[in-house]
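Below is one structure, written out as structure tokens, with a few remarks after it.
The values are calculated or read from the model by the stated rules, or taken from the named source; none is laboratory data. Owing to the predicted nature of the structure, the values given are computational and were not obtained by experimental measurement. Because the Cβ atoms are built from the backbone with ideal geometry, glycine has one as well, and the counts that use them run over all protein chains shown. Each accessible area value is taken on the protein alone, full model and side chains, heavy atoms only, with ligands, DNA and RNA left out. Shrake-Rupley method; radii C 1.70, N 1.55, O 1.52, S 1.80 Å.
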Amino acid sequence: MLDLTDELEKTRKIGLWRVLKRYKPIGPVTGELDGRPVINFAANDYLGFSFHPKLRAAAAEALSLYGAGGTASRLVSGDNVLYQELEAELARLKGCEAALIFPTGYQANIGVIKALAKKGDVIYTDRLSHASLIDGCLLSGAEIRRYHHNDLKILKKWLAGTGSFRRRFIVTDTVFSMDGDLAPLPELSDLAKRYQAILLVDDAHGTGVLGDKGAGAVSYLGAKDVPVQIGTLSKALGCLGGFVSGSGELMDLLVNKSRPLIFSTALPPSVLAAAFAAVRLLKEEPVWQKKLTENIDYMRRVLSAAGVTVSDDPTPILPIVIGDADAAVRLSLALLDAGFLAPAIRPPAVPPGGSRLRITVSACHTKEQIDGLMEALMRVTGNG
Ligand SMILES: *Cc1c(COP(=O)(O)O)cnc(C)c1O
């Protein structure tokens, strides 16, 4: 018999109980959470593209032309004509030879790592790498070594050490998803080159946000020689789907070997069409990236003035580290009462003792909304 009571009770006891909350979007940064109106500081729709009229029109057109579903794996009959143009556009965005789309960013990460690494290889990865990167590493069967966050010294020591491996990889987020800081990509790329390792980066939160026309963190930081770059269509691009960019050969390998690509259904045509519109918008309407940058600057200034430590990196992820999980949840609930959605993030998404509010900024927030959040924060923490 399936008895889950003990396990559930344990989760409840250690204060890590989670429930799904019904959210009804109204606009890019407004909605209703369990029926209450909120201003959303929780989403990753950094440019507000999920609500952009051009994306909605493109999705509606593709829906009526090609139907609702992806209908089959890409290798069977799901490789809709829309994939080709979108992948070409993504390769251009990333300055790479080619790109390949997966059903989600999570699947891209596990699918790419598993296709490249295996037993007899070693993967060096940041302690704070995203769960999907870690799952990919585990699935690969390679030896995994996790270095302290952005600790190049220890990484260099390991790379210089002995050990015979078939391939060596360095795997990292570009923008860390819960901390919002950047990985030192040029230095990592230099190390990879010097020690003949393969650098694989996950630019889920950099794509569309950082760099010229949203090219991403690699371009923003001026890193050279990053052979495997993963991104997602589900964050700043406002849609769904993961992608990898790199050489044409890499894509050939993935088409032949990567199980999430082979054994999962293709994306719905409406999503592909919307994503194509989104990538085009990065070039056609740079105003969104500009507005986002202004809002990030503004939010960083007001947080800093309120005594919150903010990282130096201009990303839309701004954590307020609380420490205790219960305290973070209480703070988040108090903000919710004031009409602001700022989620508490607890272990295992962050290390124990690192519970926090994770605030994200969008191009579509107004100064009044940001000020409102800050006033509420001051009020509920008793600082205002
Ligand atoms: C969100 C996220 C992913 C997963 O992307 P999805 O497209 O949502 O599956 C992968 N890596 C990082 C760093 C992320 O934040």
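In summary, Leu20 fulfils each of the numbered conditions (1) assigned to a loop (DSSP other than H, G, I, E, B); (2) in contact (Cβ under 8 Å) with a residue 40 or more places away in the chain with the single exception of condition (2). Does any residue of region 34-49 turn out to be assigned to a helix (DSSP H, G or I) and surrounded by 12 or more Cβ atoms within 10 Å (Cβ to Cβ)? Yes - at least one qualifying residue is present in region 34-49.
Among the residues of region 197-212, those identified as assigned to a loop (DSSP other than H, G, I, E, B) and away from the ligand (no atom under 13 Å from the Cβ) are Ala197, Leu210, Gly211.
Out of the residues in region 153-187 that are among the β-branched types (Val, Ile, Thr) and loosely packed, with under 15 Cβ neighbours inside 10 Å, which is nearest to the ligand (Cβ to nearest atom)? Going through the qualifying residues, I end up with Ile154.
Considering only region 159-196, how many residues are touching a Leu at 6+ places or on another chain (Cβ under 9 Å), assigned to a loop (DSSP other than H, G, I, E, B) and of a type in the set (A, V, I, L, M, F, W, C)? Count: 3. The residues listed here are Glu143, Glu97, Glu87; of these, the one that is surrounded by fewer than 19 Cβ atoms within 10 Å (Cβ to Cβ) and touching a Leu at 6+ places or on another chain (Cβ under 9 Å) is Glu97.
Just so you know, in region 206-226 the residues that are crowded, with 24+ Cβ neighbours inside 10 Å and out of contact with any Phe, Trp or Tyr (no Cβ under 8 Å at 6 or more places or on another chain) include one that is nearest to Arg194 (Cα to Cα), and it is Val226. For Val302, the criteria (1) in contact (Cβ under 8 Å) with a residue 60 or more places away in the chain; (2) hydrophobic (A, V, I, L, M, F, W, C); (3) under 22 Å from Ser177 (Cβ atoms) hold in every case but one, which is (3). Under the condition of being assigned to a loop (DSSP other than H, G, I, E, B) and either at pLDDT 95 or above or within 14 Å of the ligand (Cβ to nearest atom) (or both), the residues counted in region 213-224 number 4. Could you look through region 351-376, keep only residues that are of a type in the set (A, V, I, L, M, F, W, C) and farther than 17 Å from Ala325 by Cα, and pick out the one that is most open to solvent (accessible area, probe 1.4 Å)? It comes out as Cys364.
Each residue in region 319-343 was checked for being surrounded by fewer than 22 Cβ atoms within 10 Å (Cβ to Cβ) and closer than 19 Å to Ala376 by Cβ, and 13 pass. Filter region 195-215 down to residues that are touching a residue at least 24 places away in the same chain (Cβ under 8 Å) and over 12 Å from the mean Cα position of the chain (by Cα), then give me how many there are. Matching residues across region 195-215 total 10.
Hey, can you tell me all the residues within region 333-384 that are part of a loop (DSSP other than H, G, I, E, B) and of a type in the set (S, T, N, Q)? Correct list: Ser362, Thr366, Thr381, Asn383.
Can you find even one residue in region 304-316 that is part of a helix (DSSP H, G or I) and either surrounded by fewer than 22 Cβ atoms within 10 Å (Cβ to Cβ) or among the β-branched types (Val, Ile, Thr) (or both)? Yes. Restricting the search to strands (runs of 3 or more DSSP E) fully inside region 50-147 and requiring at least 1 residues that are in contact (Cβ under 8 Å) with a residue 60 or more places away in the chain, in contact with an Asp or Glu (Cβ under 9 Å, 6 or more places away or on another chain) and within 16 Å of the ligand (Cβ to nearest atom) gives 98-102.
For region 227-283, a residue qualifies if it is open to solvent by 10 Å² or more (accessible area, probe 1.4 Å), β-branched (Val, Ile, Thr) and more than 14 Å from the ligand (Cβ to nearest atom), and the qualifying residues are Val255, Ile262, Thr265.
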